[in-house]
Amino acid sequence: MNNRKMKTNRLGFMPAIFFILAATACGGTVSGGTSSESSMSPDFEGGVKLEWASDRSFPIGNKNVQGLFNDRNPEFNPATQLKISKIPSGSRIDLSFDLYLIGTWDSGGKQADRWTLGMKEGGILLDLTTFPNRFKDPGEKVPDGNEGFVRIYRHDRAYWVESRRVSISPDQIRGDSLVLVFRGYLTGRKTEFWAIDNVRVTTHPIASPR
Ligand SMILES: [Ca+2]
Ligand SMILES: [Ca+2]
């Protein structure tokens, strides 16, 4: 019953979100300055081309973030991928993004969760097992240090945001493209979710050793 309600709600607001994103993407492409604000839009930064596998978004605060994700709940995507192509030979890639951790993520214990950023070809760049989701009470009703709340399944879920940064060295890049996989491993089907925003990719040419 709850599931059915959720689906109806999501279909109701999705067209409006797509319109906003389309407008953002167009504006960004023309100006070249604002497109990186949205992690949804195909983007060009530092000469590289970015393509996202997922185009789902969700409103959090005054932003549309990419998500929500949950690998235990078929109503949500379990992961997303970012393909970076046209990478200049011998470049180092720096990637930064905001990770939204929503609900009652657990840092250890029987309900422990995990979040990883890896390369599709192999290799984990970021492996998170501790999360900022803290509560002042054992019943996890009073969050501590959260950024705000998101309404999901008729519950206001607290969320925390972590800014993360990784560097990918030239020897980790084969050819001129790379596929990054963002993935969470959750125990909570309706209590734990994640999303990403403000994804920035910059390339730094490194002189080849000789
Ligand atoms: Ca939990
Ligand atoms: Ca958990």
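The values are calculated or read from the model by the stated rules, or taken from the named source; none is laboratory data. Computed from a predicted model, the values in this text were never measured in an experiment. Positions of Cβ are generated from backbone atoms using ideal geometry, with glycine treated the same way; all protein chains shown enter the neighbour counts.
Can you confirm whether Gly118 is on the phi > 0 side of the Ramachandran plot and not charged (D, E, K, R)? Spell out how you get there, then give the answer.
Working: on the phi > 0 side of the Ramachandran plot: no; not charged (D, E, K, R): yes.
Criteria not met by Gly118.
Specify the residue that is farthest from Glu192 (Cα to Cα); the eligible residues are those in the range 126-140 that are modelled with pLDDT under 95 and exposed (fewer than 15 other Cβ atoms within 10 Å of the Cβ). Walk me through it before giving the result.
Residues of the range 126-140 that are modelled with pLDDT under 95, as a first pass: 138-140.
With exposed (fewer than 15 other Cβ atoms within 10 Å of the Cβ) added as a condition, the list becomes 138-139.
Details: Pro138: 17, Gly139: 15 Å.
Looking at residues that are modelled with pLDDT under 95 and exposed (fewer than 15 other Cβ atoms within 10 Å of the Cβ), I get Pro138.
Taking the range 77-101 as the region of interest, how many residues are assigned to a loop (DSSP other than H, G, I, E, B), buried (at least 20 other Cβ atoms within 10 Å of the Cβ) and within 16 Å of ligand 2 (Cβ to nearest atom)? Working first, answer last.
Taking the range 77-101 as the starting set, the residues that turn out to be assigned to a loop (DSSP other than H, G, I, E, B) are 78, 86-90.
Still in the running and buried (at least 20 other Cβ atoms within 10 Å of the Cβ): 87.
Next, from what is left, pick out any that are within 16 Å of ligand 2 (Cβ to nearest atom): none.
Residues meeting the conditions: 0.
List pairs: first residue in the range 93-119 and free of Cβ contacts under 8 Å to residues at least 40 places away in the same chain, second residue near ligand 1 (Cβ under 10 Å from one of its atoms) anywhere in the structure, Cβ distance under 7 angstrom, at least six positions apart or on different chains.
Between residues of the range 93-119 that are free of Cβ contacts under 8 Å to residues at least 40 places away in the same chain and residues that are near ligand 1 (Cβ under 10 Å from one of its atoms), the close pairs are Ser107/Phe131.
So Trp105 fits all but one of (1) more than 23 Å from Ile168 (Cβ to Cβ); (2) in contact with a Pro (Cβ under 9 Å, 6 or more places away or on another chain); (3) away from ligand 1 (no atom under 16 Å from the Cβ); what number is the exception?
Result: Trp105 passes all but (3).
So Asn62 clears everything in (1) farther than 18 Å from Ser163 by Cβ; (2) surrounded by fewer than 14 Cβ atoms within 10 Å (Cβ to Cβ); (3) at pLDDT below 95 except one condition, right? Which one?
(1)
One residue is enough: does the range 193-206 have a residue meeting the conditions outside any strand (DSSP E or B), more than 16 Å from ligand 1 (Cβ to nearest atom) and in contact with a Gly (Cβ under 7 Å, 6 or more places away or on another chain)? Break it down into steps so the answer makes sense when it comes.
Quick first cut of the range 193-206, residues outside any strand (DSSP E or B) only: 206.
Applying the additional criterion that residues be more than 16 Å from ligand 1 (Cβ to nearest atom) yields 206.
Keeping just the survivors that are in contact with a Gly (Cβ under 7 Å, 6 or more places away or on another chain) gives 206.
For the range 193-206, residues outside any strand (DSSP E or B), more than 16 Å from ligand 1 (Cβ to nearest atom) and in contact with a Gly (Cβ under 7 Å, 6 or more places away or on another chain): present.
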